[in-house]
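Some notes on the structure that comes next.
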Amino acid sequence: VDYVAFCAVLIKRRVLETVGLLDERFFFSYEDADFCRRARNAGYRVVGQPGARVWHKVARSAQKDALNISYQRAKSRAVFYRRHPHGPHPWLTDAYLWASTLAAATVSALRGNIGLAQMTLRGLYDGYREPSEEL
């Protein structure tokens, strides 16, 4: 598979020694996709077990900090796709990220949540402003 969610994962020690740990620049999302992409680039397979069952108690604290979570998710999304370009024309991915984020922000604003719209756009913008040598 392309990646697995890290709410329940088993990783061999040699993979960690080769690939490294989770990148701390990702907060709340995309850290698992980034790790899996780095592992695949290093020649390891990422395997999911469809029969496995995990119960995850959703954190209510994330709902209390929706603005920060929205910002971090948008920023991480931008950093991930800048670090790991997709497809034959990565600029199309950039265009899609901006268009889909603008659409989501517009929906939030129309629903009266201007702060959420602003933080989502700011997160994407900041993700693109991060110096590329740090990616």
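The values are calculated or read from the model by the stated rules, or taken from the named source; none is laboratory data. Every value quoted in this text rests on a predicted model; they were computed, and no experiment measured them. In this analysis, Cβ positions are derived from the backbone assuming ideal geometry, glycine residues included, and neighbour counts consider all displayed protein chains. Just so you know, the surface numbers come from the protein's heavy atoms only, side chains and all, with ligands and any DNA or RNA stripped out. Shrake-Rupley method; radii C 1.70, N 1.55, O 1.52, S 1.80 Å.
Measuring with a 1.4 angstrom probe and ignoring ligands and nucleic acids, residue 54 comes out at about 80 Å² accessible.
Among the protein heavy atoms, those of residue 31 account for about 50 Å² of accessible surface (1.4 Å probe, every chain in place). Within the accessible area of the chain, the carbon and sulfur atoms contribute 56%, probe 1.4 Å, all protein chains present.
Computed from the C-beta positions of residue 16 and residue 57 and an R0 of 30 Å, the FRET efficiency is 0.70 to the nearest 0.05.
In the full protein context, segment 85-135 carries 66 Å² of accessible surface per residue, based on a 1.4 Å probe and ignoring ligands, DNA and RNA.
Note on residue 98 and residue 68: their simple-model spin labels are 3.0 nm apart, each label 7 Å out from Cα toward Cβ.
Per-residue surface analysis assigns residue 12 an accessible area of about 130 Å², computed on protein heavy atoms at 1.4 Å probe radius.
Across the chain, Cα-Cα distances exceeding 23 Å account for 43% of all pairs. Helical runs assigned H by DSSP (4 residues or longer) give the chain a calculated mean residue ellipticity at 222 nm of -18500 deg cm²/dmol, each run adding -39500 (n - 2.57) before division by the residue total.
Relative to the longest principal axis of the Cα atoms of the chain, the long axis of helix 31-41 makes an angle of roughly 40 degrees. Here each label is just a point 7 Å from Cα along the line to Cβ, and for residue 126 and residue 91 those points are 2.9 nm apart. At a Förster distance of 41 Å, what's the computed FRET efficiency of residue 109 paired with residue 44, Cβ-Cβ distance as r, to 0.05? Once rounded, the FRET efficiency stands at 0.45. Per-residue 3J(HN,Hα) values for segment 99-113, derived from phi via the Karplus relation 6.51 cos²θ - 1.76 cosθ + 1.60 with θ = phi - 60°, read 5, 5, 5, 4, 5, 5, 5, 5, 4, 4, 5, 5, 7, x, 9 Hz in sequence order (x marks Gly and Pro).
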